[in-house]
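To start, the structure under review is shown below, and the notes come after it.
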Amino acid sequence: MLLAYLVNLLKELTEHFCDPKYYFWQLKGFELVKDVHLDPEPFDMERDLITPTYKKKRPQLLKYYQVSLLYILGDLITPVCMWH
């Protein structure tokens with residue numbers, strides 16, 4: 001249900017920001033959301049994704065979500081469930 005809501009919201013935003021009558025708000029292609037990956041688990045220190053001061057560890061995040069990112073970017077054909 002949440003996923004369907006988010007998909008509809010993204011469609012509406014894309015249509016709105018690509019509409020010529022809102023030219024001053026128009027976004028470039030790289031500024032538009034094309035796909036979303038929802039992870040039910042928040043970042044945590046146990047998976048070494050954040051520091052004790054809750055700063056993101058970008059290299060670890062990239063490694064952890066690499067499969068999902070490749071799928072989103074179109075380099076993989078099938079989605080992979082990351083939370084077993």
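Laid out as a table, the results:
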| item | result |
| --- | --- |
| Test for Phe43: is it modelled with pLDDT under 85 and in contact with a Leu (Cβ under 6 Å, 6 or more places away or on another chain) | no |
| Lone unmet requirement of (1) out of contact with any helix residue (DSSP H, G or I) (no Cβ under 9 Å at 6 or more places or on another chain); (2) at pLDDT below 75 for Tyr22 | (1) |
| Selection count, region 36-75, where residues are within 25 Å of Ala4 (Cα to Cα) and not in a helix (DSSP H, G or I) | 12 |
| Test: residue in region 25-39 that is surrounded by 11 or more Cβ atoms within 10 Å (Cβ to Cβ) and at pLDDT 90 or above | no |
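The values are calculated or read from the model by the stated rules, or taken from the named source; none is laboratory data. It should be emphasised that the depicted structure is a prediction, and the values quoted were computed from it without experimental measurement. Note that each Cβ is placed from the backbone with ideal geometry, even for glycine, and that neighbours are counted across all protein chains shown.
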